[in-house]
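Novice: Sharing a structure, written as structure tokens. Questions coming.
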Amino acid sequence: MFTTKLHPIAEKQNANNRSLNSTSKGKLLLLALLVTLGTGGCKKGDHDCEHCNQYLVSATKIGDFTKEQLNSRFNDKTGPAYLAALDKYTISVYKIEYKTRFINDSTVLASGCIIIPQNAPAPPMISLEHGDILNIESLAPSNYMPGPSSVATAYNEGSAEASDGFIVVLPDYLGYGASKNLFHPPFHSASLATCSSDMIRAAKEFLQDIHQPWNNKLYLQGYSEGGLANLSLQKYIEQNHLPFNVKAAGTGGAPSHITKIAQYIFNYPSDPGSVKNYLAVILFYNSFYPQLHRPVSDYLIEPYATDVQNNGLNATINTGLNTILNPLFVNGINTGSDVGFLSALADNDVYDWKPVAPLRLYHGTADITIPYFNSEDAYNAMTARGANNVELLPLAGLDHDAAIQPYVLGSVQFFKDNP
């Protein structure tokens, strides 16, 4: 029913420089969505399973890592040393492939990483959603590759939290791992929620298959785009009454108010390192939402429009996003006349709803990548709806990267305080 093969861990990242242009990205999306899978899991007549899996397709063991090995990893010159404080158990790391659904009820093959603490008594589970890795396929959690703590989530944060006694489940998201032929749908709330929830379902099936006990308590966690995924997932679980026992959620630097982000970054200087991340959002929305489907020149001025048209995200851009946008496009956002694009943005806003499980929002007040107002707006809107279990933790003076450490350690403690 699933395979267990030991793969060596590569030491170098191999960036996948997949480009996106206005014609090919739509074709890739359609191609991926038309893929249909068999029933997967076990087949009738199998002798090594007790049930048929609805979501899990395969599992491959990556390896085991002792707490001493993890300590050495995190205390390396380039490692996040603060994670070493969480190391208690040896961990086992697996890649899984599973079925999920996107749009038009189409079934696609997705993947992710499961990290299990060895000999931990009935551990709880964390669904950990990773931040934006743009087109660096090697950093997808199921590849379990080393890299900066802000993006190599499975190798760093996920491993440390598992060693602390949690089963950690990390979806790759659509567009990475098993679905890498699909351009990742950035800042797309619906697909982030469904692929993350189906990853949890597949993980539960895998744990049952290997007879791994756990206490059926689920925690949700994510930073940056992972914060958007985390909020989308919690909302999706609670509003659809999915059978998950969510005890608490910890979110950091989350782009929850996407409409307001656009109105801000389209008009003011923002983090130059995030220009292509936001450009990817514009291009994906343009491809995905039927009311758009515009030429790239409607969004960008020359020479950037032609460069992006021909080279996608591999285009040469050495300036801020607000300096390359078409003034007519920006004016439509500012005046509210671009109803089509504004409706696409609003479709992915997740700041205004009432959570059921306790939710803690971490955000650096000096964050220019995902501005602080996102979490402040979410807190204000949620409490206005009567939520009394939402906390806002401003991280004074910290930018997007510097806020990761207090978010990680704070979230883990928050989960332990909500058993």
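Novice: What are the residues in the stretch 154-187 that are in a loop (DSSP other than H, G, I, E, B), touching a Ser or Thr at 6+ places or on another chain (Cβ under 8 Å) and aliphatic (A, V, I, L, M), if any?
Specialist: Leu174
Novice: Only one of (1) part of a strand (DSSP E or B); (2) out of contact with any strand residue (DSSP E or B) (no Cβ under 7 Å at 6 or more places or on another chain) fails for Asn388. Which number is that?
Specialist: So Asn388 meets the others, but not (1).
Novice: Is at least one residue of the stretch 201-212 modelled with pLDDT of 95 or more, crowded, with 24+ Cβ neighbours inside 10 Å and closer than 20 Å to Ala403 by Cβ?
Specialist: no
Novice: Identify the residue in the stretch 88-110 that is touching an Asp or Glu at 6+ places or on another chain (Cβ under 7 Å) and outside any strand (DSSP E or B) and, among all such residues, is surrounded by the fewest Cβ atoms within 10 Å (Cβ to Cβ).
Specialist: Lys88
Novice: To continue, here is another question. For the stretch 284-306, state whether one or more residues are under 27 Å from Asp399 (Cβ atoms), in a loop (DSSP other than H, G, I, E, B), among the hydroxyl-bearing types (Ser, Thr, Tyr) and without any contact (Cβ under 8 Å) to a residue 24 or more places away in the chain.
Specialist: Checked the stretch 284-306: no residue is under 27 Å from Asp399 (Cβ atoms), in a loop (DSSP other than H, G, I, E, B), among the hydroxyl-bearing types (Ser, Thr, Tyr) and without any contact (Cβ under 8 Å) to a residue 24 or more places away in the chain.
Novice: Quick one: in the stretch 115-153, of everything that is among the polar types (S, T, N, Q) and not in a loop (DSSP other than H, G, I, E, B), which residue is nearest to Val281 (Cα to Cα)?
Specialist: Going residue by residue through the stretch 115-153, those that are among the polar types (S, T, N, Q) are 118-119, 127, 135, 138, 142-143, 149-150, 153.
Next, from what is left, pick out any that are not in a loop (DSSP other than H, G, I, E, B): 127, 138, 142-143.
On the way: Ser127: 24, Ser138: 20, Ser142: 23, Asn143: 24 Å.
Per the criteria, the residue is Ser138.
Novice: If you go through the stretch 220-278, how many residues are touching a Lys or Arg at 6+ places or on another chain (Cβ under 6 Å) and within 20 Å of Glu157 (Cβ to Cβ)? Lay out the reasoning, then the answer.
Specialist: The initial filter retains those residues of the stretch 220-278 that are touching a Lys or Arg at 6+ places or on another chain (Cβ under 6 Å), namely 245, 247, 250.
In the following step, the residues that additionally are within 20 Å of Glu157 (Cβ to Cβ) were identified as 247, 250.
Here the count works out to 2.
Novice: Now for a different question. Could you tell me how many of the residues in the stretch 376-398 are charged (D, E, K, R) and under 14 Å from Val356 (Cα atoms)? Don't jump to the end; show me each part of the working.
Specialist: Step one: filter the stretch 376-398 for residues charged (D, E, K, R), giving 376-377, 385, 391.
Filter once more, so that each one left must be under 14 Å from Val356 (Cα atoms): 385, 391.
Residues that pass the stated criteria total 2.
Novice: Report yes if some residue within the stretch 102-118 is within 24 Å of Thr369 (Cα to Cα), in contact (Cβ under 8 Å) with a residue 24 or more places away in the chain and in the same structural domain as Ala248 (by TED's automatic domain parsing); otherwise report no. Steps first, answer last, please.
Specialist: Applying the first criterion (within 24 Å of Thr369 (Cα to Cα)) to the stretch 102-118 yields none.
The answer is no, given that none of the residues of the stretch 102-118 is within 24 Å of Thr369 (Cα to Cα), in contact (Cβ under 8 Å) with a residue 24 or more places away in the chain and in the same structural domain as Ala248 (by TED's automatic domain parsing).
Novice: Here is a follow-up. Test each condition in (1) within 19 Å of Tyr289 (Cβ to Cβ); (2) in contact (Cβ under 8 Å) with a residue 12 or more places away in the chain for Met199 and report the one that comes out false.
Specialist: Of the numbered conditions (1) within 19 Å of Tyr289 (Cβ to Cβ); (2) in contact (Cβ under 8 Å) with a residue 12 or more places away in the chain, the odd one out for Met199 is (1).
Novice: Asp349 versus (1) assigned to a loop (DSSP other than H, G, I, E, B); (2) surrounded by fewer than 19 Cβ atoms within 10 Å (Cβ to Cβ): which is the lone unmet condition?
Specialist: Condition (2) is where Asp349 drops out.
Novice: OK, next. Return the residues of the stretch 235-269 that are of a type outside the set (A, V, I, L, M, F, W, C) and either farther than 29 Å from Ile333 by Cα or in a strand (DSSP E or B) (or both); say none if nothing qualifies.
Specialist: First, the residues of the stretch 235-269 that are of a type outside the set (A, V, I, L, M, F, W, C): 235-236, 238-241, 243, 245, 247, 250-253, 255-257, 259-260, 263-264, 267-269.
Residues satisfying the conditions are Glu238, Gln239, Asn240, His241, Pro243, Asn245, Lys247, Gly250, Thr251, Gly252.
To keep it simple, each residue is scored yes or no on (1) surrounded by fewer than 17 Cβ atoms within 10 Å (Cβ to Cβ); (2) closer than 17 Å to Gly226 by Cα; (3) touching a His at 6+ places or on another chain (Cβ under 6 Å); (4) at pLDDT below 95.
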position: Tyr379; (1), (2), (3), (4): no, no, no, no
position: Gly386; (1), (2), (3), (4): yes, no, no, no
position: Ala403; (1), (2), (3), (4): no, yes, no, no
position: Asp417; (1), (2), (3), (4): yes, no, no, no
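The values are calculated or read from the model by the stated rules, or taken from the named source; none is laboratory data. Being a predicted model, the structure only gives us computed values, none of them experimental. Note that we place each Cβ from the backbone using ideal geometry, even for glycine, and neighbour counts take in every protein chain shown.
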